Amino acid sequence: MPARQDFERSRLQYDKAVRNKDYQLAQLGISLSAIEDKLADIPIVRSPKDGYVRKIKSWVGKDGKYTTTVTIVSASSSKNENK
């Protein structure tokens, strides 16, 4: 009989672990969906000239709004720097 009780206890622990894993996966799915929604709200910025991103200044947050500074080097000036 003790072996049967050990088996049942192990099965119950396994079932609990599976439920916890499923719950965590569901929570991750919700978080991923929320992140994707926020990413969709980020506007696409196009540069008026061809160039390369030189530097990205970290996000600065204030009152729930964030700004990022992107420094773009034009294609002609980057060619001059390589000479």
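Screening Gly29 on (1) under 17 Å from the mean Cα position of the chain (by Cα); (2) modelled with pLDDT under 80; (3) of a type outside the set (D, E, K, R) shows it passes everything except condition (2).
Test of understanding: among Val70, Val53, which residue is open to solvent by less than 100 Å² (accessible area, probe 1.4 Å), touching a residue at least 24 places away in the same chain (Cβ under 8 Å) and either assigned to a strand (DSSP E or B) or charged (D, E, K, R) (or both)? Step by step, each of Val70, Val53 is checked, and only Val70 is open to solvent by less than 100 Å² (accessible area, probe 1.4 Å), touching a residue at least 24 places away in the same chain (Cβ under 8 Å) and either assigned to a strand (DSSP E or B) or charged (D, E, K, R) (or both). Within the range 32-47, the set of residues being of a type in the set (Lys, Arg) and either modelled with pLDDT of 80 or more or surrounded by 10 or more Cβ atoms within 10 Å (Cβ to Cβ) (or both) comprises Lys38 only.
The values are calculated or read from the model by the stated rules, or taken from the named source; none is laboratory data. In this text, all values refer to a predicted model and were calculated from it rather than measured experimentally. Counting neighbours? That spans all protein chains shown, and the Cβs are built from the backbone with ideal geometry, glycine included. These accessible areas exclude ligands, DNA and RNA; they are computed on the full protein's heavy atoms, side chains included. Shrake-Rupley method; radii C 1.70, N 1.55, O 1.52, S 1.80 Å.
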